[in-house]
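A.B. asks: Dropping a structure here in structure tokens format, bear with me for questions.
Any read-out appearing in this document is the output of simple, stated calculations on the displayed coordinates, not a laboratory observation. Keep in mind it's a predicted model, so treat the numbers as computed, not measured. Neighbour counts run over all protein chains shown; Cβ positions are idealised from the backbone, glycine included.
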Amino acid sequence: MEIAASVKEASKEYKTGDTVITALQPTTFDFMKKELTLIIGPSGSGKTTLLSLLGCVIFPTTGEVYINNILANSLSEKELARLRLNNIGFVFQSFNLLAPLNAIENVMQPLRLSGISKKEAKLKAEKALAKVNMESRAKSLPKNLSGGQQQRVAIARALVTDPSMMLCDEPTASLDIRSVSIVMEELKMLSDSGKAVFRKTPRCRPSSPSSPGRSGRSSA
Ligand code: ADP
Ligand code: MG
């Protein structure tokens, strides 16, 4: 199985005045394509920090982060922006859809930002919406969609650029139980179709502070 991303002894510390906060202790792990990886641990254990390292949103204090075998630490801001746009899709707990834009316009947005024509962006966005069974709601504004439907639009937006991995930070935390299972099914389907999907979950299991719980693997 292919590796989508790796962290090697990657840690993150924040310094404020004399205090050093360890957000993530040195962590080594390979994230595989075609797998749905769950990152589990109590609040404050470093799950969001680990996702942010994988999303190349922050740099590690020590250690290395590789995305598709590229050492992320060594890239310039511009190269990182390109790596993020081409390889990584983000899904957040709070959906983060743009309120004045309808569903398809939201999904088209990352493509428009990367300079793809309106016509081509629309075609790709329609396909992405169909993957999450939301094509019939393409013209709906976010406020007229349920939480579960908004999250499915957000998933379509994350996958429209065909990223090799999807980072999901508590994607089901704001959803009702029925929507949780639909969204989880869809994330599982995406990992089966070849994407590496990392889903963060707040469910507590005994785990030392500042070290995320072992990532559970659900193979495709
Ligand atoms: P989780 O997502 O598991 O709840 P986080 O990764 O958000 O945990 O945070 C891990 C620890 O690092 C927490 O103690 C948090 O307060 C701290 N932390 C996270 N980001 C920062 C930051 N930018 N500055 C200072 N401390 C931070
Ligand atoms: Mg968090």
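A.B. asks: Using Cα atoms only, what is the angle between the long axis of helix 118-131 and the major principal axis of the chain, expressed in degrees (0 to 90) to the nearest 10?
C.D. replies: Approximately 80 degrees, to the nearest ten.
A.B. asks: When N counts the residues of the stretch 33-156, how does its alpha-carbon radius of gyration compare numerically with 2.2 N^0.38 Å, as a ratio?
C.D. replies: After normalising by residue count via 2.2 N^0.38 Å, the value is 1.20.
A.B. asks: May I pose another question? As a test of the formula, what do you get for the chain when each DSSP H run with n ≥ 4 contributes -39,500 (n - 2.57) and the sum is divided by the residue count, at 222 nm and rounded to the nearest 500 deg cm²/dmol?
C.D. replies: Result for the chain: -10500 deg cm²/dmol, rounded to the nearest 500.
A.B. asks: Checking a compactness column here: for the stretch 104-177, what do you get for Rg(Cα) / (2.2 N^0.38 Å), N being the number of residues?
C.D. replies: 1.07
A.B. asks: Separate question: How long are the semi-axes of the equivalent ellipsoid of the chain, taking √(5λ) for every eigenvalue λ of the Cα gyration tensor, in whole Å from largest down?
C.D. replies: The three semi-axes for the chain are 29, 20, 16 Å.
A.B. asks: Something else: Ranking request for peptides 187-199, 126-138, 154-166: highest mean number of other beta-carbon atoms within 10 Å first, then the rest in descending order.
C.D. replies: 154-166, 187-199, 126-138
A.B. asks: What order do you get for 26-37, 43-54 when each peptide is scored by the mean count of other beta carbon atoms within 10 Å, highest first?
C.D. replies: Ranked from most to least packed, the peptides come out as 43-54, 26-37.
A.B. asks: Further question: Indicate, rounded to the nearest 5 percent, the antiparallel portion of the DSSP beta bridges found entirely in the chain.
C.D. replies: 60
A.B. asks: Between 0 and 90 degrees, rounded to the nearest ten: what's the tilt of helix 177-192 against the longest Cα principal axis of the chain?
C.D. replies: Relative to the chain, helix 177-192 is tipped by roughly 80 degrees.
A.B. asks: What is the angle, in °, between the Cα long axis of helix 77-87 and the longest principal axis of the Cα atoms in the chain? Nearest 10 is fine, range 0 to 90.
C.D. replies: 60
A.B. asks: Would you please give the residues with an amide H less than 5 Å from that of Ala4, counting only those at least 5 places away or on a separate chain, with H modeled from the backbone geometry?
C.D. replies: Amide H neighbours of Ala4: Phe31, Met32, Lys33.
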